[in-house]
Structures are given as C-alpha cells and as structure tokens.
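Here is the structure we will look at.
The values are calculated or read from the model by the stated rules, or taken from the named source; none is laboratory data. Computed from a prediction, not measured in an experiment: that's the story for all the values here. Positions of Cβ are generated from backbone atoms using ideal geometry, with glycine treated the same way; all protein chains shown enter the neighbour counts. Note: accessible area is taken over every heavy atom of the protein model, side chains too, but ligands, DNA and RNA are not part of it. Shrake-Rupley method; radii C 1.70, N 1.55, O 1.52, S 1.80 Å.
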Amino acid sequence: MKEKAYVLWFEEIDKSDLALVGGKSANLGEMMKAGIPIPPGFAVTSHAYKEFIERTGLKSKISEALKEVANSRDPKAFEDVSARIRRIIEEEEVPEDIARAIVENYRKLCEKIGRAKVPVAVRSSATAEDLLGASFAGQQDTFLNVEGEEEVLLKVKKCWSSLFTPRAIFYRQEKGIDHDKVLMSVVVQKMVNAKAAGVMFTIHPVTGEEDKIVIEGSWGLGEAVVSGSVTPDTYVVDKRTLKILEKRIAEKTHEVVRDPSSGQTVKVEVPPERRKAPCLTDEEVVKLAELALKIEQHYGHPQDIEWAIDRDMKFPENIFIVQSRPETVWSLKKGRERERPGVELRERRVVAKGLPASPGVWAGKAKVVKTIEEASKIIEKGDILVTIMTNPDWVPYMRLAGAVVTDEGGMTCHAAIVSRELGIPAIVGTGNATKVMRSGEEYTIDATTGVVYEGIVEELTKRGVEGVKTATPQQVMLPAEQFVPTGTKIYMNLGVPEKISEYANLPFDGIGLMRIEFILSSHIGEHPLYLLEMGEGEKFVNKLAEGIAIVARQVQPRPVVVRFSDFKSNEYRKLKGGEKYEPEERNPMLGYRGVSRYISPQYERAFRLECRAIKKVRDEWGLKNVWVMLPFVRTTWEMKRALEIMKEEGLERGRDFKVWAMAEVPSVIFMADEFCKYVDGFSIGSNDLTQLILGVDRDSEIMPKLDPRYFDERDPAVLKAISHLIKVAHKHGVTVSICGQGPSYLEDLVEWLVRQGIDSISVNPDAVVRVRYLVAQIERRIMLEKMLEGKAKEKRKK
C-alpha cells in the first residue's frame, strides 16, 4: 500500500498523494505524468518521517520543546528551541528498515543513470507546502550535489530537522497551522549539471500581467538566482505568440557550479567573456516558455517554476523543470468579478488623467463631493471618492472608498500617502475630476497609469480585478521571504492605529513613523487648547494614549517611533474650537508647525498634553517600546527647549527611550554635528527635504507634469544632503532612518541608501515585503562584491 511505503518514485505519485509526499514531490510526479521533462528521482514519504519520530520517541520531545514558544514573539526563544529540536533529530539513528529503503532506492537511481555514485539534490517537501494561497517555500533545507549512500541518508535527516527552523515554527504558529499536522517528505532527485538555470513565472511578478511569461536566469545552478546573489538575465515572452518581447542581459560576475574534484557546490567567478553574454539562446527561451504555458494549463492557475539546462546534453533534451509551485502573490488577488455589462477596451472613453499616486484598479460609482459635510451624507463603502483635495478630516471617508480621485495634489500629498497606506487606488492632480465626473455614474479607475475611464472597462477589471486594489498588504506578504534577514532595519509607516491588526504579520522591524494626526482628527476631533479651556485636557491625553497603545501592544517589543503632531495651522483650524487658536497663514507648510509650535507660549500647554500621553503609555501601561520623534526641526536652540519641556514632563532620553528628529529642513543637514548632541537618531523626511532643497511645492500637480524631475528625491542635491547626514551622524554614533515616500516605490533609491549605510528604511505597508526582499538582495550583492574585491587584492599581492 502506498500509505505505508517509505519511498515512492515520481512515476508512482501525483497531486492526490499530497499528504504522503508533500507539495514539491507531488508536483514533480504530477508534471512527469503530464509529459514535462523532470530529472528522475524519488520521494522519501511523510510516513517514513512519522515512523522515525514516533518509533524513536522524538515526537513527545519535540512537542514539549514547542510549548516553550507557544505564545512567544521573541526571536531568540525560537532560535534556541529550533537548535535543540534539530540537534536531537540529526543525532538520532534512523530505524534500519527506513534507512534500508532509502539506500536501496538511491542505488536503483544510480543504476538507472549508469553511474556508481549519482549526484542528487535532496530537498524538503513539507506536507502543507506549495499549496495555493500559502507558500512554505524556502523555510526548509535543500542540499545540492549530494553523493553516496551515507551522505544521502544524512541529508534526509537534515531535511527532516529543517521542519523546525525558527522561521518555519513561527510561520506555522502565526498561520494557526498545527505543528503535528505538518509532516516532512524529502525529494531525492538527479542533479542537472546546469550550464544555466533560474526561475520563470507564468504571470508578470511585478505588474500582474497575465499575458506575459517572465524568465530569469544566470550561469550555473539556479541557487544564485533564487538567493538573489546575482542579477539575472531577464526575458519577457508574450504568452499568446511566444514572441520574445524584452531581453535584459545583466553582468553575471559569478556562478554556482559543482566542483569536479570535490563534488561540492562552489561559487566561482565567471570568465570576462561570458559575463555579459546571454545565458540562454532564443530557442531555449521559447522552449522554456512553451513548458511554462503547458504547466500553467495543466494546473489551471499561474505558476512559479524553477528550471535548469544540462550542459552535457543537446537541445531540446537538455531542458528540465526541477520544481513548480503556485504563484502566491497575484493569484490571491483574483476575486469574484461582478456580473454586469462591460465596455470593451476599444470603446472606452478617457474622462480624466492625473498622477498615479497609489497603483491599482477599481470600478464602481463615483461620488463627487467638495466638503466633509457632503461626504458624510453620500459616501458608501466601495464608492469612488472624487474631491478637490483631502486632509486628515477625510480619512474616515477614504477608508470607506474603493478609490480616490482628486483635482489637486502631487505624489506626496495627503491623498496619495493615505491611499497607499489604506491600500486603495488613487489618482491625484487631475485638475478637473470634480467638474467632469458625475455622482452616481460608473467609472473605471486605472491608478497604475493615472487614467479614469467612463463605464466599467472589463479588460482592466479582469486584470486588476474589480473591487480589489492591486493587493492588500496581507496578500503581498510572501511567506517564503517573511523573515529574510537584513542588516538594514525595515520599518513601517502607519497613520491609522486600527490598521495595525491587518499589518501585524508583515516582516517589519518596528514602526519607523507613527503619525498621530489621524488620532487627533478622528478619535479626538477637538483642538487641544479648546479642551484645556473646557477643563478636559485629560480627554486629549487619554484618547491619544489609547490610539498609540493599540499599535505599541500589537508590535512589542519592536519599537514604535511616534512623531509628535505635525498639523499645519490650516489643519488645526478644522478641529473643533480651532479657529479661536489658529492664525490664518498664507503658506502654512513653512509656518507655524513642528517644534516651533511646541515651544511657543501659545501652544506649549498643548504640547505638554502630548508628552503626558507618551508618558502614560510608557509608565502606566508599561509599553517601553514607544519612542518619539520631533518634526520639522529648524534650529538647535528650539530643539534644546523642546527637550527641556519633555524632561519637565518626565520624558528624558535614556537606554530604553530614544528621541529622534526629522531631518527635513536643510539646516539640520548643515548643522548635523550640532544636532547630534541632542538626539539618538534622525529620520529623513525626504518629501519636505526635497521640497526645501529644490524649491518645489510637494503638493503641486503642475511641476511634475512639466517634468517629473522637478520633484525627485534622487536629485543629486538631495542625495548629497542625505549622504552628508549619514556620514556625520555615524561619526557621532547617531542612527539615520528615512520615512519619506521615495523608498516605497523607487528601487534605485533603496539601493543607493543601503550602499550609503543607512540604518533603517521605513516604508508604506504595501511595500514592506518587497523592500525587505530587495534590501536583502542588495546586501548580499554588496557582500559578494567585497569578497570578490578582497580576492582580487590577494591575487594582485601574489
């Protein structure tokens, strides 16, 4: 009986054997039966693993150890338990009948190939792995170029033990997956002696385009591509015609190959003449695309596929598929489409155009409103909110909306920032949306390109899925990369406290910017000086403390950097009672805001309320992970005075209480050495810093339309300022972060920041996973470059 077998060959299994051989093995068997070229091999079944842990008494020992981290979020605790479990598994003898079955089948594989010792890949295949909507890929171990019976048996045990890596234990707990329900099968498969290898997707992994196949490859084994240690060649193929639409050939400095003398997998330099040469011929690209299409058609949904091309064989017999799993990002966005007559793409009429501030697609009814009062009467869940411009008072209605379109604003305006955080499409700076769009009429919002179409455009809603942005942050989360380590901390920006429950499982190292303006406008709604006059100052303290605590409790012990209020006078005026206390300024962006407001005789009492709320959260409720940040700092003397007020209210810099300053006014850059005396860290507000260095209104919709370079965080002047700050701050032992919008969507800026040595990067929720993975790749590339540079220096010395 299959269920009692210790070993099954790929020819004997398919997707119905998932519980017995896990996702990886089942997929290999399934593809082999479908005629896909798969290297030969077999699966050590989950029954073998189950028998191993039960007959040796390991099961009860593992269960006891796991109880120690049942309710923990301490990474060290997970590491300790993992190490203990893995050690007892790897030191235990495999029962004789199980060991014999594995060894005898390895011998059969060698006989099939015609060699005494065949190099094999030994890969984990967990029984809950590679299921649609959940990816465990990368959480357990893989061993390449394994030769000989004893080595195969040893690596099988190591795969079994890798079911209990810290990341795998934590992930199962977070997803509510019973540890006992996940067993381990192991793939033992002939290695392809790869001249080139890589991955391919049957849906564009960045844009979600379903009519594209994207192939990435490099010289040698695919490990270099999968790990991100090389920049691969990229080929984009039209799924319908199999025509190659795009080729990007990278410089491939190294490859992972099998060392003929030792049999080990080694990383070697690519000879100069091959570095910029394509790793695939056009016919190989087309053949891979054909196989990808065949695999997708077989499974019925997009696939993430690993491939290899054997250097010892001739085309097309040299092309092999070594793994396929469901694509788990864009596949999750395919919701139910509403059944209604649609407008064909060729018939569509453009109604308005603007800046694509928060990408995605939405189709629904528009509600054109120009005031909060109007919005409160007619906005319903899923409507397209069309207005002149939003401010913090609009957030409750933005949370109801399916998409936002504004007349005014640029890429860093309020509507843009909040829409990105809420995960809804937004187009800003149209100039005329409130004039040309009509309430009650249906429109399609393509916020990826910044275009509003009349009616429901089916070709867009099918691609972006009506009723769904591009993805919620939870959907964007890639479990396989969830805990990829980075030297650069990845923080998250947050403004709506209640949203933290949706984002809590994203792989961030803390909240790098918690805005409290939403709490002030929505939870409190009254001007702090008005409340003081009414004798209700404690109401402000309690409400603000409650909002901050929602976030701090959810993410502790990770830090939450709370930015003190940064409303401008025009925004404060809109709070109840605000008109009495706020001046009317012609340019509030450069006026009465930030630290200058806190230390002013008019507002100091209100600032003390904010300090008391922080103290309440930290001292009364014990949430010591709350730090603070002072915005729009202009001078050292005002900084010094603000710290004095904080000290008087019981908030003083110390080991567990850090004070940061926003670096958004150029004076902070010029006087960085002086400012370092007063703070533990800087956070670069790249939106305001760019505005003040380049002299361009960040909310202007006119300048970016003239030329996007007018407001660009990557302008040489802005980069020079940031670079100077990092160098000076590090000289004084002060950390530097960035919380502006740029790193959330500018990948080249992220790489530049990492290479400059920035300590942390704080991004929007929907960018956390992507930026974390990107930073990990960049850091690996930097380490590799340094290693190669060191080797080159050693050679020159010799």
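Key figures
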read-out	value
Residue match in segment 763-781 (condition: within 17 Å of the chain's Cα centre (by Cα), open to solvent by 20 Å² or more (accessible area, probe 1.4 Å) and aromatic (Phe, Trp, Tyr))	yes
Contacts under 8 angstrom Cβ, first residue in segment 289-312 being under 11 Å from Lys239 (Cβ atoms), partner part of a helix (DSSP H, G or I) and not basic (Lys, Arg), 6 or more apart	Pro302/Glu296; Pro302/Trp330; Pro302/Ser331
Residue ID - farthest from Ile321 (Cα to Cα), chosen from residues in segment 220-238 that are open to solvent by 30 Å² or more (accessible area, probe 1.4 Å) and either in a loop (DSSP other than H, G, I, E, B) or at pLDDT 70 or above (or both)	Thr231
Criterion (open to solvent by less than 30 Å² (accessible area, probe 1.4 Å) and without any contact (Cβ under 8 Å) to a residue 40 or more places away in the chain) met by exactly one of Pro588, Pro601	Pro588
Residue match in segment 280-296 (condition: at pLDDT below 90 and among the acidic types (Asp, Glu))	no
Subset tally (residues that are open to solvent by less than 10 Å² (accessible area, probe 1.4 Å) and either farther than 25 Å from Arg515 by Cα or in a strand (DSSP E or B) (or both)) for segment 362-378	4
Search result, residues across segment 440-455 that are farther than 13 Å from Ala357 by Cβ and exposed (fewer than 15 other Cβ atoms within 10 Å of the Cβ)	Gly440, Glu441
Output for segment 26-43, where each listed residue is at pLDDT 95 or above and crowded, with 24+ Cβ neighbours inside 10 Å	Gly41, Phe42, Ala43
Which numbered condition Tyr710 fails, given (1) aromatic (Phe, Trp, Tyr); (2) in contact with a helix residue (DSSP H, G or I) (Cβ under 7 Å, 6 or more places away or on another chain); (3) modelled with pLDDT of 95 or more	(3)
Search result, residues across segment 742-764 that are assigned to a helix (DSSP H, G or I), modelled with pLDDT under 90 and touching an Asp or Glu at 6+ places or on another chain (Cβ under 7 Å)	Gly742
Segment 241-274: number of residues that are modelled with pLDDT of 90 or more, open to solvent by 50 Å² or more (accessible area, probe 1.4 Å) and outside any strand (DSSP E or B)	5
Qualifying residue in segment 690-704 (condition: free of Cβ contacts under 8 Å to residues at least 24 places away in the same chain and charged (D, E, K, R))	no
Residues of segment 519-552 satisfying the condition of being touching a strand residue (DSSP E or B) at 6+ places or on another chain (Cβ under 8 Å) and surrounded by 17 or more Cβ atoms within 10 Å (Cβ to Cβ)	Glu526, His527, Tyr530, Phe540, Ile548, Val551, Ala552
Scan of segment 679-711 for residues that are closer than 21 Å to Leu513 by Cβ and either charged (D, E, K, R) or not in a helix (DSSP H, G or I) (or both), ordered by number	Val679, Asp680, Gly681, Phe682, Ser683, Ile684, Gly685, Asp688, Arg698, Asp699, Phe711
Residues of segment 67-87 classified as touching an Asp or Glu at 6+ places or on another chain (Cβ under 6 Å) and open to solvent by 70 Å² or more (accessible area, probe 1.4 Å), total	0
Which listed residue is over 33 Å from the mean Cα position of the chain (by Cα), under 30 Å from Phe508 (Cα atoms) and open to solvent by 20 Å² or more (accessible area, probe 1.4 Å), from Glu90, Glu51, Glu96, Glu64	Glu64
Any chance Asp673 is modelled with pLDDT of 95 or more, in contact with a helix residue (DSSP H, G or I) (Cβ under 7 Å, 6 or more places away or on another chain) and open to solvent by 30 Å² or more (accessible area, probe 1.4 Å)	yes
Qualifying residue in segment 791-798 (condition: under 28 Å from the mean Cα position of the chain (by Cα) and either among the small types (Gly, Ala, Ser) or crowded, with 16+ Cβ neighbours inside 10 Å (or both))	no
Filtered residues of segment 379-401 (kept if basic (Lys, Arg) and open to solvent by less than 10 Å² (accessible area, probe 1.4 Å))	none
Index of the failed condition, Glu93 passing every other in (1) part of a helix (DSSP H, G or I); (2) more than 21 Å from Phe170 (Cα to Cα); (3) without any contact (Cβ under 8 Å) to a residue 60 or more places away in the chain	(1)
Of all residues in segment 553-565 being farther than 12 Å from Trp660 by Cα and open to solvent by less than 10 Å² (accessible area, probe 1.4 Å), the one that is nearest to the chain's Cα centre (by Cα)	Val555
Restricting segment 143-182 to residues that are of a type in the set (Gly, Ala, Ser) and assigned to a loop (DSSP other than H, G, I, E, B), the residue that is farthest from Val7 (Cα to Cα)	Gly176
Filter pass, Ser744 being of a type in the set (Ser, Thr, Tyr), surrounded by 18 or more Cβ atoms within 10 Å (Cβ to Cβ) and either over 30 Å from Asn432 (Cα atoms) or out of contact with any strand residue (DSSP E or B) (no Cβ under 6 Å at 6 or more places or on another chain) (or both)	no
Residue list for segment 497-534, filter: in a loop (DSSP other than H, G, I, E, B), under 19 Å from the mean Cα position of the chain (by Cα) and over 16 Å from Pro559 (Cβ atoms)	Asn505
Filter result (in contact with a Pro (Cβ under 9 Å, 6 or more places away or on another chain) and under 20 Å from Ile378 (Cβ atoms)) within segment 428-457	Ile445
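Okay, residues lined up against (1) free of Cβ contacts under 8 Å to residues at least 40 places away in the same chain; (2) more than 36 Å from the chain's Cα centre (by Cα); (3) surrounded by fewer than 22 Cβ atoms within 10 Å (Cβ to Cβ):
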site	(1), (2), (3)
Ile614	no, no, no
Leu623	no, no, yes
Pro631	no, no, no
Thr636	no, yes, yes
Lys640	yes, yes, yes
Leu643	yes, no, yes
Met646	yes, no, no
Glu649	no, yes, yes
Asp656	yes, no, yes
